[in-house]
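**Q** Provided herewith is a single structure, encoded as structure tokens, for subsequent inquiry.
FYI, it's all coordinate maths here, none of it is from the lab. The shown structure was predicted, so the numbers you read here are calculated from the model rather than taken from an experiment. All Cβ positions, glycine included, derive from the backbone under ideal geometry; neighbour counts span all protein chains shown.
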Amino acid sequence: MIYRTALSRVARTTNVHRGHLSRLLSTRASTVLNALDLTPSSNGTISGVYDGQWGGSGDVLESICPATGEVLAQVQGASPQELQIALEKSQEAFEFFRAVPAPKRGDILRQIREALAAKRDELGAIVSLEMGKIRTEGVGEVQEFIDIADYGVGLSRMMNGRVVSSERPGHSILEVPSPLGVVGVLSAFNFPVAVYGWNLALSLAAGNATLWKPSPTTPLTSIATTKIIASVLEKNSIPGAVAGLVIGDQDVGEAVVQSELVDMVSFTGSERVGRQIGKTVQSRFGKVLLELGGNNAVIVLPDADLSLAVPSTFFGAVGTAGQRCTSTRRIYLHRSIAHEFLHRLTALYKTLTPGDPLEPRTLLGPLHTKNSMDIFSYALDSLNSVGSEILVGGSPYLGSHLPTHLREGNFVRPTLAVPPAEVPLSHGIWQTETFAPVTTVKIFDELDEAIEWNNGVKQGLSSSLWTRDVRSVGKWLGLGGAKGSDCGIVNVNVGTSGAEIGAAFGGNKNTGWGRESGGDAWKQYVRWSAATINFSDEAPLAQGVSFDTSSATS
Ligand code: UN1
């Protein structure tokens, strides 16, 4: 219940530390930071490097609260030399950890799961404070880490290879998974806990060392998370570099991507950066796992249950202030229900009011950065330039429209827009992923047409169909070779966002083809070898090849 207390004292400030850079922090923020032991050292900064020991002598990054504009802390990231040491320690940690039996690694993960669960609300609060998502979603993403940790504990006893029949007598073939090495995780601001959790849980169960380079704008969340994990590793005498942390800007990320010491790079972020990372890692024949842009569509058929479809689409479009990779960007409505659907949806939009993400009743938090505000404004300019009808929203909140303590926050009005029917699908309005709550609407007459629009963008992450008709469902899922959605996530009567951890998560096409989280995603975190074993007294060749050496030796 730290939030209520924090809010009631929001105007008060406390002196958070004693160093020469001492400054005042609001009680709202210091309550959240103190609960996670995030206190600056004597030079006024918080250490942003962990490789078994905490350090950080590189660039100083500021963590800024998106709701209030308050500087929450200064974090000192990795210098080039510290990064090199962290990479080497990751390698050493891997050499140790690979020999720990997988179920024992699972036991470590179970303890990490327990430690995270014990701090779930506190970690959720730092996510809300630093990233800006509302409280239930902040806690929800810590829950997502807990869930995938459970999954990883189970996996640690099930990461099995196979025995394959050989065509040769007295032979057998094994497919053997072995730990991969060092996995570099470059995560994005929008899921500063869960996406790292997806990677760490699988990587750790598989016997790897993981080095995390989080978004430079959510450093406190990553430090708090790493502290919890480090305490478990240290208690079990496991090298801390099994779950290392290097905070920094682009240069630190690039160094991780380029390093031959990193066997796999798992990157979540923009298509532009992902394309570059893919090339760089490929050029040194490393493995790469990409989770890039989404441009997710909802299709609503005449027989859809609108009492479910409308609120679910509302959450998909405005939840996390439109900053999920899986957020709903496009809504395709059948002509017969379009009017009713939009009437109900705009009514819901109009109930939204901006608020402090730490306050339990808030549904609309801020955008993460000022840059996100520019992205929002740019999208609106494009929509207006083609003469779109703005059904609701259409502008940022001015400071004077906001409660006093949120005046510096990055708040915008979630927007629903209907571009003119003649604007082609190839237009940037339809093709560009806008990482903000801007959703475009179009009317269709035939499901095939709507599926074509769904598939007619470069990205291929998530998609939803609302219907009760099994024939439409079969087509949408592409059953029997039907031309359905080409996305990695193809939902029916469920919104585009909010996937559970059980299935593999990821997208096709420009979304990067990566798969994280559940399903068979773990198979990417190991190296596979095929081992043919001959336990006979003959040495025949496969495919009946005869290579007669008798004349050569006679
Ligand atoms: C992301 O936006 O990068 O499916 C991840 C969802 C969440 C994860 C989103 N479970 O919306």
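**Q** Could you calculate the FRET efficiency of GLU254 with ALA530 from 1/(1 + (r/R0)^6), where r is the beta carbon distance between them and R0 is 35 Å, rounded to 0.05?
**A** 0.50
**Q** Rounded, prolate or oblate: which fits the stretch 296-504 when a ≥ b ≥ c are the square roots of the eigenvalues of the alpha-carbon gyration tensor, with rounded for a/c under 1.5 and prolate only if a/b beats b/c?
**A** prolate
**Q** From the phi of every residue in the stretch 416-425, what ³J(HN,Hα) in whole Hz does the Karplus formula 6.51 cos²θ - 1.76 cosθ + 1.60 yield, where θ is phi - 60° and glycine or proline is x?
**A** 10, 9, 10, x, x, 4, 7, 5, x, 4
**Q** Can you work out D for the chain in µm² s⁻¹ from Stokes-Einstein, where Rh is the Kirkwood radius over C-alpha pairs, the temperature is 4 °C and the viscosity is 1.567 mPa s?
**A** 52
**Q** Grab the beta carbon distance between SER283 and SER166, set R0 = 56 Å, and tell me the FRET efficiency rounded to 0.05.
**A** 0.95
**Q** Which of the trypsin sites (Lys or Arg not before Pro) found in the stretch 344-434 are loop residues per DSSP with 12 or fewer other Cβ atoms within 10 Å of their Cβ?
**A** Answer in residue order: ARG361.
**Q** Here is a follow-up. Shape of the stretch 261-353 from its Cα gyration tensor (a ≥ b ≥ c, root eigenvalues): rounded if a/c is under 1.5, otherwise prolate when a/b > b/c, or oblate?
**A** The shape class here is prolate.
**Q** Whole number please: convex hull volume per residue, Cα atoms of the stretch 292-400, in Å³.
**A** Residue-normalised Cα hull volume stands at 132 Å³.
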